[in-house]
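Report on the following structure.
The values are calculated or read from the model by the stated rules, or taken from the named source; none is laboratory data. Please read all numbers here as calculations on a predicted model, not as lab measurements. Cβ coordinates were reconstructed from backbone atoms using ideal geometry, including for glycine residues, and neighbour counts include every protein chain displayed. To get the accessible areas, we keep the full protein, side chains included, count just its heavy atoms, and leave off ligands, DNA and RNA. Shrake-Rupley method; radii C 1.70, N 1.55, O 1.52, S 1.80 Å.
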Amino acid sequence: MLTSSLKARLTLAICALIGLLWLLAAAATWLEARHEAEELFDAHLIQAASLLIAQTNGELDDEDDDSFEESHAPELHRYARRVAFQVWLGDRLRLHSANAPDSPLSGKREGLSDSVVDGERWRVFSAWNERRQVLVQVGERIGARDHMARTVAAGLLKPLLIALPLAALFIWLAVRHGVRPLERIAAEVERRSPEHLAVLPTNDLPTEVQPLVDRLNALFGRVARSFEQERRFTADAAHELRTPLAGLRAQAQVALGATEDAARRHALNAVLQGCDRMTHLVEQLLLLARVDAAGSGDFVDLDFAELVREVVGQLVPQAINKEIDIELKADAGLSVRGNPAWLSILVRNLVDNAIRYTPINGRVRVLIEAVNAEISLLVEDDGPGVAEEELAHLGQRFWRSLESGQNASVAGGSGLGLSIVGRIAELHGGQVDYAANKSSATGSGMRIQVRLPKDGGA
């Protein structure tokens, strides 16, 4: 439809506005012109009456009333039909124009008045001479005045009828030129394939179009990251699931081929352990996918120290089973803005990893404190730790150090726990630092520090 076009809407709106303003201006001008014309016409009537009074004063003095004869003024031009006059001497009509009736033009004998004579409306001025012997009435047809007013109005409207189509053409051209950047952007988007998510050019854009392009570029960036996360998730899942599936198949084949109950039972136990590891891996993969797609829409103000206490309390039975001592020290009043579920997962992964890799009779230490404008969460353990040259790889997905990899069957790690911690910290505007625990009683261990801004980050 025509009204669905931005160019058509703008053109119609501007033309309608110009036409309305022109009509209002024409109406105001017409009213003012008519008022001025009325005053001018009345002035002419008054002037004509004054001339007639001056003309008749001397003549009537020299004439005998008994010899009075009515006379008609000649009609010199067709325009004279619009104006009529009468000169009355007492009750007798002394002089009148050819188009004047025999009866008085107006019943009012002095000043301006409107009257109807023989079905016609007249504007009449009546005046007496100084001795109030002679009455002069000069009238003009109101229809003639209305005709002149209509002529003036038509003169004002004719330019509009001519100029408005021309203005519409120029406005259409101007609007077409103005929306050309939108058409250029639409064409650029239309030519793109679904995989082409590069940013749109932002040079030479009008101020009104710039926000639209910025939002589109931001959307393209989010879609590109989403696609990249999906591809990475698919590749990671395929890579990580291939090895345990092969192990499960091998153990199942061993169980099928075993002739002794002990060998069969050992193979089936290995299958169950493999299923448990795969279940944990799948859960971590799904959790990582959810964290990657998460945003900051559900952030609230929360007591971070209380949240850590609850999570650590839930993991205490796991530590007791391994005879591990957990030490928790938390300052009061440490509030952050964030998602409670994600922050609980962050703390759980850190403390759970520390418990998993800490040997029996070891120690795990959790410290929460305020450091300048940040909240620091420090988790230390007495586990095997990571070599100095491998610290930079911590947090990478599916990466395992040589030391911790030897205990993978015991710890059940998937190489995703710290990746999830890093992504949650990033989501909250924080940062994760990895270092060796030099204060460990065993001489080895990990020291992981998460720093979160007090205002919750982005």
remark   = A careful count of residues in the range 336-355 that are more than 19 Å from residue 449 (Cβ to Cβ) and surrounded by fewer than 20 Cβ atoms within 10 Å (Cβ to Cβ) gives 3
query = Looking at 302, 377, 367, 391, which one is surrounded by 20 or more Cβ atoms within 10 Å (Cβ to Cβ) and either assigned to a loop (DSSP other than H, G, I, E, B) or not β-branched (Val, Ile, Thr) (or both)?
reply = 377
query = Checking residue 132 against (1) without any contact (Cβ under 8 Å) to a residue 60 or more places away in the chain; (2) in a loop (DSSP other than H, G, I, E, B); (3) at negative phi, which single condition isn't satisfied?
reply = (3)
ask   = Here is a list of conditions, (1) more than 20 Å from residue 149 (Cα to Cα); (2) at pLDDT 80 or above; (3) of a type in the set (A, V, I, L, M, F, W, C), and residue 43 meets all of them except one; can you say which number that is?
value = (1)
message = Just the residues that are closer than 26 Å to residue 225 by Cβ, part of a loop (DSSP other than H, G, I, E, B) and under 21 Å from the mean Cα position of the chain (by Cα), please, taken from the range 173-200.
response = 199, 200
inquiry  = Pairs needed: first member in the range 206-233, at positive phi; second member anywhere, assigned to a helix (DSSP H, G or I) and open to solvent by less than 50 Å² (accessible area, probe 1.4 Å); C-beta distance under 7 Å; at least 6 residues apart or different chains.
reply    = none
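Does residue 161 satisfy the criteria of being at pLDDT 80 or above and not hydroxyl-bearing (Ser, Thr, Tyr)? Working first, answer last.
On the way: at pLDDT 80 or above: no; not hydroxyl-bearing (Ser, Thr, Tyr): yes.
It is false that residue 161 is at pLDDT 80 or above and not hydroxyl-bearing (Ser, Thr, Tyr).
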key: Complete set of residues in the range 316-335 that are open to solvent by 10 Å² or more (accessible area, probe 1.4 Å) and either among the basic types (Lys, Arg) or assigned to a helix (DSSP H, G or I) (or both)   = 316, 317, 318, 320, 321, 322, 329
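For the range 14-22, check the following and say yes or no: at least one residue is hydrophobic (A, V, I, L, M, F, W, C) and farther than 30 Å from residue 169 by Cα.
Within the range 14-22, none of the residues are hydrophobic (A, V, I, L, M, F, W, C) and farther than 30 Å from residue 169 by Cα.
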task = Would you mind finding the one in 144, 149 that is farther than 23 Å from residue 222 by Cβ, in a helix (DSSP H, G or I), at pLDDT below 75 and in contact with a helix residue (DSSP H, G or I) (Cβ under 7 Å, 6 or more places away or on another chain)?
result = 149
